[in-house]
1. Can you tell me which residues in the stretch 213-254 are in contact with a helix residue (DSSP H, G or I) (Cβ under 8 Å, 6 or more places away or on another chain) and among the charged types (D, E, K, R)?
2. So is G179 of a type outside the set (S, T, N, Q) and over 30 Å from E73 (Cβ atoms) or not?
3. What's the number of the condition D245 fails, among (1) touching a residue at least 40 places away in the same chain (Cβ under 8 Å); (2) under 25 Å from A180 (Cβ atoms); (3) open to solvent by 60 Å² or more (accessible area, probe 1.4 Å)?
4. Quick check on the stretch 123-141. Is at least one of its residues in contact with a helix residue (DSSP H, G or I) (Cβ under 7 Å, 6 or more places away or on another chain), within 21 Å of F187 (Cα to Cα) and of a type outside the set (D, E)?
5. Is it true that some residue in the stretch 154-166 is surrounded by 17 or more Cβ atoms within 10 Å (Cβ to Cβ), among the small types (G, A, S), more than 25 Å from G95 (Cα to Cα) and in contact (Cβ under 8 Å) with a residue 12 or more places away in the chain?
6. For the stretch 190-209, which positions are surrounded by 15 or more Cβ atoms within 10 Å (Cβ to Cβ) and touching a residue at least 60 places away in the same chain (Cβ under 8 Å)?
7. Considering only strands (runs of 3 or more DSSP E) fully contained in the stretch 207-324, which possess at least 2 residues that are more than 17 Å from T189 (Cα to Cα) and of a type in the set (G, A, S)?
8. Being polar (S, T, N, Q) and over 28 Å from A81 (Cα atoms) is the filter here, so list the residues in the stretch 200-223 that pass it.
Amino acid sequence: MAVRSAVLWMSAVGLLGACGEGLAPVGDEAMATARQSLVSPPPTPLGGFTSYLRTLTVGGAVQSNTGTLPDYEGYKLTVAAHTQVALEVTHLGTGMGVDTGLFVYGPKDASGSYGTRVLFQDDDSGYGELSKIALATFDDAGEYLVVVGWSNGLGKQYRLQASCAGGACVSSPPAAPAGAPVTLAQFPTEPSLQAQLATANAYREDMWSYLDRYDFAWSYSTPATLDAAAAAVLAKSEYKGYRSDAAPVTATYAAFQSRMYLQYQSLHPAILAAYGDSGENVQVKSYSRQFSTGPNGDNWRTLNIILFPSSFHVIVYEQTAHEI
């Protein structure tokens, strides 16, 4: 049995969906589902999750029971560096009406702690009220903690599945076909990078920069191309203004630092430390645009698309300047 937290973090409202094992009319079930609450991350520290955990393997699944109260269960997942996994509480094997959340922590450190920062999480991206993390990219090898939580204790089964989505878990990967596309999934950037960025953004009122992180699933033996990463970024509506640049600049990551405004250059080694791997051929493609906002003066903007081909990250660094 997986260890349960014994912390009841939901009020009785979370039990409204519990209608027993019998068949309920469609209207009643729809009403119960609509009343489900957001499943919050487990309280910290994670206490009972750090020992006696069941094992979840990439390519495997586990089955358990929600019990009769809102609660959590934890599973240990051991991966190689750059493993990409899809995690899902599946419709098949999970009782009707169960409402779940998924949370990933780690890797486990020398003291046995998985930390308190949620690396990946999801509430309702799966079937109905079930949870699905379509892509979790693990930069570092080690043991991670996967937590399933539920808001309604219906005493029903659930099934948690971990599937290989790309990277190190792919057996005998083929070479990437010509023009293989990059499909981006957005994730929050490292908090330390956001803190550095906020400090630099306070330096001058006429300059401002932004950071975004995207990951992409990759199941090939040859790396994604910078052109494919750039095409995926420019396909997003928020970057459409850069599509008219007919002469983008391609550079190594080392050369890219000189293209950053002075107050942001400390981000250069920090981005590499956060997302890069030793010896990785990180590349940058930069697009520029200039436009006038009438009485507010001219604006200059540069969109820098940074590809980490071995770590499966694309970092977008946009820097702006305007007349004041």
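The values are calculated or read from the model by the stated rules, or taken from the named source; none is laboratory data. Note that this is a predicted model, so its numbers are computed, not measured. Note that we place each Cβ from the backbone using ideal geometry, even for glycine, and neighbour counts take in every protein chain shown. Heavy atoms of the whole protein, side chains included, go into the accessibility calculation; ligands, DNA and RNA do not. Shrake-Rupley method; radii C 1.70, N 1.55, O 1.52, S 1.80 Å.
1. Across the stretch 213-254, the qualifying residues are R213, K240, R243.
2. Yes.
3. So D245 meets the others, but not (3).
4. Within the stretch 123-141, not a single residue is in contact with a helix residue (DSSP H, G or I) (Cβ under 7 Å, 6 or more places away or on another chain), within 21 Å of F187 (Cα to Cα) and of a type outside the set (D, E).
5. Yes - at least one qualifying residue is present in the stretch 154-166.
6. Of everything in the stretch 190-209, those that are surrounded by 15 or more Cβ atoms within 10 Å (Cβ to Cβ) and touching a residue at least 60 places away in the same chain (Cβ under 8 Å) turn out to be E190, L193, Q196, L197, A200, M207, W208, S209.
7. The strands (runs of 3 or more DSSP E) meeting that bar are 283-292.
8. Residues satisfying the conditions are N201, S209.
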